[in-house]
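Everything below concerns the one structure shown next.
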Amino acid sequence: MNIESISCVYFSPTGTTETIVEHIAPGISPEPPRMIDITKRGGRKSRPRKFEDEIVVLAVPVYYGRVPEKAVPWLERIEAERSAAVLVVVYGNRAYDDALKELCDTAELRGFIPAAGCAFVAEHSYSSPEYPIAQGRPDAADLNKAREFGNMVRQKLEGIGSIEDLSAVEVPGRFPYVEPENLNMIKQARSSVALTPETDPELCTRCGECADACPTGAISPEDMAATDRWECMICFACVKSCPEGARQMNEPGFKTAVRGLYEACKERREPEFYLG
């Protein structure tokens, strides 16, 4: 099977999923891929193009064991014909639960043949100097494995005659998918508590980096201290992007939960590949 065109669709608030994709793609094809970034709200407003006779990398971070809610509506509008999907999930060293299966199922429903899947580890969104969870990942070893995975995908596809000869890969996960209980608790709590990162006015220089980084437009560009609690997805893109460290989550219960997460995620997890 000739690989003539490759596209990469990714949702990457803190940039780590994008980094993994950038290292997988060259292994699949030496041709520069078409990069489709659906991280920002504006990028998800456009109607997805129809993919025909292509290899498409679909990549998302894992939030609460699932594909991020904000990415799902766009992914569910994709159309594909005679195209193979390479599925990528990136998680913060805890577990990816049913996210890879959910992404695989979505791809099949939209007309793709899932050719391969993988799960990579990246620094957890809630990682901090106090509680470093998978700090610095993806590291050099991860990126080497991303390139290796891309090469493995290319070899698999070049070993078949045509897309009609490709069988869908099986990936781990359950259906019904895991219920995102922590996310549901946060949504319920927001009726009385904001549960969003807050801005320290003494540190904030009003540079606007946090508002620009926010994938949902939850932070007001005119007033960086104003955050829409119902739009905030707690991805911590604002926290990671602030050059002054002015954005932090100060809710005591949240900090306790992160401490427990840190204790549970100390053991290094390695990338996992599924190629059938």
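Descriptive notes on the structure:
- Residues whose amide H falls under 5 Å from that of MET35, counting only those 5 or more places apart or on a different chain, are CYS8, with hydrogens built in the peptide plane.
- Global form of region 229-276, assessed from the alpha-carbon gyration tensor, a/c cut-off 1.5: prolate
- Accessible surface ranking for THR17, THR199, 1.4 angstrom probe, highest first: THR199, THR17.
- Of the residues ALA107, ALA115, ALA225, the one that moves most in a GNM of the chain with alpha-carbon contacts below 10 Å is ALA225.
- With contacts taken as Cα pairs under 8 Å and at least 6 residues apart, region 27-158 reaches a relative contact order of 25 percent.
- According to the Kirkwood relation over distinct C-alpha pairs, the hydrodynamic radius of region 1-127 is 14.4 Å.
- One decimal place: the segment GLU52-ASN2 gains 16.6 nm when fully extended, by the rule 0.36 nm per residue minus the C-alpha distance.
- Distance from region 1-59 to region 225-247 (C-alpha centre basis), Å: 26
- Per residue, region 1-45 exposes 45 Å² of accessible surface when a 1.4 Å probe is rolled over the protein heavy atoms with every protein chain present.
- Of the GluC sites (Glu not before Pro) found in region 170-216, those that fall in a DSSP loop while having at most 15 other beta-carbon atoms within 10 Å are GLU170, GLU202.
- Lysine pairs in the chain with Cα atoms under 18 Å, if 8 or more residues apart or on separate chains: 9
- Taking a point 7 Å out from the Cα of GLU22 in the direction of its Cβ, the residues of region 50-64 whose backbone N falls within less than 18 Å of it are 57-61.
- Surface accessible to a 1.4 Å probe, per residue, for the residues of region 81-214, Å²: 47
- Our estimate of slack between ALA225 and GLU81, defined as 0.36 nm per intervening residue step minus the Cα-Cα distance, is 47.3 nm.
- Pairwise inverse Cα distances across region 99-164, averaged and inverted, put the Kirkwood hydrodynamic radius at 14.4 Å.
- Comparing PRO138, PRO176, PRO201 in a Gaussian network model of the chain (Cα springs below 10 Å), the most mobile by mean-square fluctuation is PRO176.
- Computed lengthening from ALA95 to ALA264, 0.36 nm per intervening residue step minus Cα-Cα distance: 59.8 nm
- Each peptide in 265-272, 99-106 receives the mean, over its residues, of other Cβ atoms within 10 Å, and ordering these scores from highest gives 99-106, 265-272.
- 0 to 90° range, to nearest 10: angle between helix 252-264 axis and the chain longest Cα axis: 40
The values are calculated or read from the model by the stated rules, or taken from the named source; none is laboratory data. Bear in mind that the values here come from a model prediction, so they are computed numbers and not experimental data. Here the Cβ is made from the backbone with ideal geometry for all residues, glycine too, and neighbour counts use every protein chain on show. Protein only, heavy atoms only, side chains kept; ligands, DNA and RNA dropped before computing areas. Shrake-Rupley method; radii C 1.70, N 1.55, O 1.52, S 1.80 Å.
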